[in-house]
Each structure stands twice: as structure tokens, then as C-alpha cells.
Amino acid sequence: MRFHKLKSLRMNNQDNKNKSIQQSKSIIPQVFSSISENVTYIEHFFLQSQDLITHRFMFKEKECILFYFETLIDQDKLEQKFFRPLSNSTNENNIGLFTFGHFPDTTDLDQITRKLMNGFAVIYIEGEKHAFLIDSAASYVRSTDEPQNEKIVRGSHQGFVESLNVNLNLIRNKIEDQHLYIQYITIGQKTNTKIAIAYMKGIANEDVVNETLRRLESISVDMLFSSGTIEEFLEDSPSSPFPQMLNTERPDRVGANLMEGRIAILTEGTPTALIVPVNFFSFYQSPDDYSRSYAGTFIRAIRLFSFIVAVTLPAIYIAVIGFHFEILPYQLVITIQGSIEKIPYPPLIEAFIMELTIELIREAGIRLPSAIGPTISIVGGLVIGDAIVKAGLVSNTMIVVVAMTAIASYVVPSNEMSSSIRLLRFPMMFAAAILGFVGIVLGLMTLLIHLCKLESFGSPYFAPIAPFRWSHLKDAIVRVPVWRMANKSSDSRPEHMQQQSASREWEQNDKK
């Protein structure tokens with residue numbers, strides 16, 4: 001009995017505590033009329049950080065104080081907007097000309113603290129219950145050069161930067177239309193990272209837009225510094241090896257996907273955009289494809305063929321050496337047998353040694369300074385390859401197989417898909433080592449079933465193959481002429497399918 005009384009008493013105390021917390025949260029702290037109280041509040045709020053600068057001055061016989069973070073403001077902006085006009089007003093001829101009226105004001109202390117962290121300067125005046133805000137935020141923006149990870153031969157050579165406003169400016173320059181809609185959201189309880197969602201109203205599916213916003217608003221983290229973190233929170237199947245959101249640094253690629261009815265998610269401080277929903281074939285498309293249809297189809301077919309090569313070639317080598325030597329021509333059998341007869345390891349271990357060596361060289365080339373990274377990669381590959389063959393650890397045939405596999409995995413225009421392909425080859429190698437060609441077939445069937453079941457924001461990932469739509473293959477596996485693409489792709493579920501109303505009218509007029 002006593003236990004239940006104590007329990008009910010604790011619950012009542014907890015309820016009262018929760019109510020008081022909710023009431024305290026609902027009360028918005030207001031600016032104090034006393035400067036000393038405002039100074040005490042700001043200094044305690046920011047724990048008396050040493051980059052928080054306070055500047056006291058007199059204006060019209062009233063004490064004033066200016067707060068700003070010296071690490072966040074542009075000193076020239078503050079000088080031009082505030083200090084210079086204030087100093088000029090001290091002259092006898094200009095007395096009374098300077099006012100704070102042209103600066104926005106606020107009475108909300110929470111808003112003031114947020115603005116200070118965004119690079120604003122804040123002015124308090126003795127006896128006033130509001131503060132003035134001066135936009136003096138420093139901006140350090142690099143040039144919009146072409147992304148290093150998505151180089152193309154023909155097309156725009158602009159790329160996103162770390163400034164969200166600059167990135168949105170690049171997108172709006174690509175799409176000069178009133179239906180381009182931008183919506184902001186803030187994520188990160190400590191970092192307060194600004195996120196922008198861009199889509200075309202009237203083209204993008206409203207259900208997909210609402211689902212994207214719902215998933216974004218459900219993210220609850222202390223910090224958010226990159227779009228990769230968002231990707232992990234939003235994707236439908238986080239355990240899948242395939243990326244379900246297209247990551248790009250190209251404004252033209254974002255603009256093209258927006259016109260297809262997709263949604264772009266951009267993050268402050270990250271020079272990349274996430275595109276949703278996407279399908280498997282979106283990762284194999286590049287702006288270079290849209291030059292001439294025959295060349296574009298050929299290049300796209302090579303990329304898709306490279307997926308099969310990168311995933312299965314080491315496994316095929318292991319299966320042939322271990323189980324199915326009889327499928328090789330007699331002359332080739334003699335050559336390969338002479339290459340592998342002195343190798344002390346089975347084909348699986350041999351393949352693993354070389355695959356891991358290639359991955360180490362690749363990772364070292366990325367992390368090293370750009371001046372010596374490519375040199376180390378090339379020299380390291382040649383030296384290690386030659387030495388490992390001479391040492392009798394790996395056969396010459398295995399070197400050729402691994403080299404072709406590495407080249408095929410780098411053909412993909414998307415770095416995320418390239419990473420997935422490099423991971424998939426390892427379970428395929430295990431399957432081949434256990435069951436030979438039967439293991440490879442089982443592995444490919446499992447992969448195909450997974451692709452058919454996978455979704456990206458409710459859209460089929462393997463469209464237009466599953467579900468099969470013949471008319472939508474024209475911009476997936478092949479690349480038909482642009483003037484024959486009258487409809488948009490259906491995988492993004494756009495509000496209306498029509499993309500263009502007329503095509504090559506001049507040709508129709510000439511025939512008349």
C-alpha cells in the first residue's frame with residue numbers, strides 16, 4: 001500500500017514537472033528594458049565565449065551595446081552598415097540623421113540568439129524592450145567549378161558549392177519557371193542545419209512530396225553536417241547494398257530530374273543534392289548521353305554491361321578454374337594451367353588478395369595529396385602487380401581479371417553505385433567458389449529478385465524492367481532521340497506524363 005502511494009506521488013510530481021517544463025517552453029523570453037540584464041542573459045547563454053564581442057557606445061544620451069561573434073561576421077559589412085554611419089552622425093552637421101529605424105527589430109530573445117549564431121550583430125538600447133538586428137554575416141564561397149567526381153565532355157561545367165543560397169541560385173538559373181518551389185526545414189538540435197527541398201509544383205507527385213517532408217521532419221539528431229547522414233535516415237531499405245537516392249553535384253542534372261517530377265534535397269554546407277525517387281538506371285545516365293542518340297545508346301550500353309562485368313568476372317574466373325575447366329579452348333587451358341600451377345592458394349584466396357590490393361591502392365590514391373595520388377596509384381599498381389606475379393602468389397590471368405574488373409567498376413557515373421558494385425563482387429566470389437556456375441546463377445537470381453522488390457520512396461527501383469513498360473525503355477537502357485520522348489518517365493510518378501507537345505515541326509512543314 002505504501003509502495004503504491006509513493007508511486008502515485010512520484011507520478012504526480014513527474015506530471016507537475018512536465019507541465020512546468022511545457023509551460024516554460026511555451027513562454028518566449030522577451031528583451032529586458034535594462035541593458036545589464038540583456039548583457040547577463042546573452043553572456044550566460046553563450047557561456048561567455050571569447051569570440052563574442054561587446055561594444056558599448058552612447059547614442060542620443062542613451063547607453064547602447066552591440067553584440068556580435070567576430071568569427072561569424074564580415075567586418076567590412078559591419079563597418080559599412082553601422083560603424084561608419086554612426087561615426088558620421090557625430091559631426092555637428094549630421095546630428096540626428098542616423099537612426100536605427102532601417103534595421104529590423106525583435107523582442108524575442110530566442111530569435112536574437114539564433115541570429116547571433118547566423119552572423120548577425122545585435123544592438124540593445126537602454127530603456128527599450130526590443131533589439132535591432134544587423135545582417136553582417138560573412139560568406140566564404142568558392143567558385144562553381146565543375147565537380148571532380150562528375151566530369152563530362154559535353155554540357156555545363158558548373159558545380160554546386162557549400163553555400164545553399166548559391167546552389168539554389170544555380171538551379172533557378174537552369175529552370176526559370178514560376179512553378180519551381182523551394183521549401184526550407186531545419187534539422188539538428190545543436191547544428192540547426194538548413195535543408196531546402198526543391199520540386200516543380202504541378203509536375204512532382206504531391207504524395208511523394210508529402211512523404212519526403214514527413215521523413216525529413218521525423219529526423220531527430222544533435223548534429224547534421226552532410227547529405228550522407230540524411231540519406232541514411234530517408235532511404236526505404238537501409239540494409240540494401242544499392243543506393244536509393246541519387247547523389248549529384250551538377251545543377252544541370254538536378255534541373256533535368258526536377259523536370260521529370262523528382263524532388264531535390266539540398267543541405268547547407270554540402271555541395272551535393274539528393275534526388276528522389278530514382279531507379280536503378282538513373283545511376284547510369286549522364287549529361288554526355290544527350291548528344292546523339294546512337295552514341296548515347298552505345299555509351300549507356302557499355303555502362304550497363306560494365307555492371308555485369310564488375311560483379312561477375314572474378315566469380316567466373318574462380319568457377320572456371322575450380323569447376324569448369326572444360327569450357328575453355330585447349331590452347332587457353334595450357335596457358336592458364338602454366339600460369340596457376342605454381343600458385344599455392346586456391347582461386348578464391350588468389351582473387352581476394354588482388355581485390356583487396358586494388359582497394360588499398362585506390363583508397364591510398366584518394367587520401368594522398370592530389371600532386372602525388374595518381375602517381376602512387378599507377379606506380380604502386382605496376383610495381384605490386386609485377387612483384388606479386390614474380391613471387392608466385394598470384395597468376396598473370398588473375399592480374400588481367402582484376403584489372404578489367406576495376407576498370408568496369410569505375411565506368412559508372414555515380415560514385416555510390418560504383419561502391420555498391422565493388423561490394424557485390426565479394427559474395428558472388430564466395431558463391432562461385434562453393435557451387436561454380438550454379439552459385440553465380442543463384443547469386444544473380446537473388447540480386448534480380450532484390451532489385452525487383454526494392455523501392456525508392458514508393459516507386460519501383462527496377463522500373464521500367466519491373467514492372468515492365470516497353471514505352472519507357474526509350475530513356476533507360478537505350479537513348480532514343482530527344483524529339484521522340486513525348487512523355488516523362490513513369491517511375492517518378494509525375495502528375496502529368498506529357499513532356500513536349502510537338503517535335504520536329506519544321507520537318508512536317510517541309511513535307512507539306
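The values are calculated or read from the model by the stated rules, or taken from the named source; none is laboratory data. Predicted model, so just to flag it, every value in this text is computed and none were measured. Glycine gets a Cβ as well: all are built from the backbone with ideal geometry, and neighbour counts include every protein chain shown. These area figures cover heavy atoms from the full protein model, side chains too; ligands, DNA and RNA do not enter into them. Shrake-Rupley method; radii C 1.70, N 1.55, O 1.52, S 1.80 Å.
General remarks:
- Alpha-carbon centroids, segment 394-460 and segment 175-208: separation in whole Å: 35 Å
- Diffusion constant of segment 296-354 at 4 °C, which comes from Stokes-Einstein with the Kirkwood Cα-pair radius and 1.567 mPa s, µm²/s: 98 µm²/s
- The chain has equivalent-ellipsoid semi-axes of 56, 31, 27 Å, by the square roots of 5 times the alpha carbon gyration tensor eigenvalues, sorted largest first.
- Residue among F103, V141, M58 farthest towards the positive dipole end of the chain, charges placed on Cβ: V141
- The chain, accessible area per residue, ligands and nucleic acids excluded (1.4 Å, Å²): 55 Å²
- Each residue was assigned an accessible area with a 1.4 Å probe, and for E162 the value is about 70 Å².
- Distance between the 7 Å Cα→Cβ label points at F298 and L423: 3.5 nm.
- With all protein chains in place and a 1.4 Å probe, the accessible surface of the chain carries 57 percent carbon and sulfur.
- The calculated 222 nm mean residue ellipticity attributable to helices in the chain amounts to -14500 deg cm²/dmol, summing -39500 (n - 2.57) over DSSP H runs of n ≥ 4 and dividing by all residues.
- Ranking by accessible area, most exposed first, for R114, R367, R250 with a 1.4 Å probe: R367, R114, R250
- Computed log₁₀ I(q)/I(0) - Debye formula, equal Cα scatterers, no solvent, segment 97-205, q 0.17 Å⁻¹: -1.02
- Within the chain, longest stretch clear of exposed chymotrypsin sites (Phe, Trp or Tyr not before Pro) (DSSP loop, no more than 10 other Cβ within 10 Å): 141-467
- Legend: residue pairs K151/K174; K174/K201; K201/K474, Cα-Cα distance threshold 22 Å; pairs beyond threshold, K201/K474.
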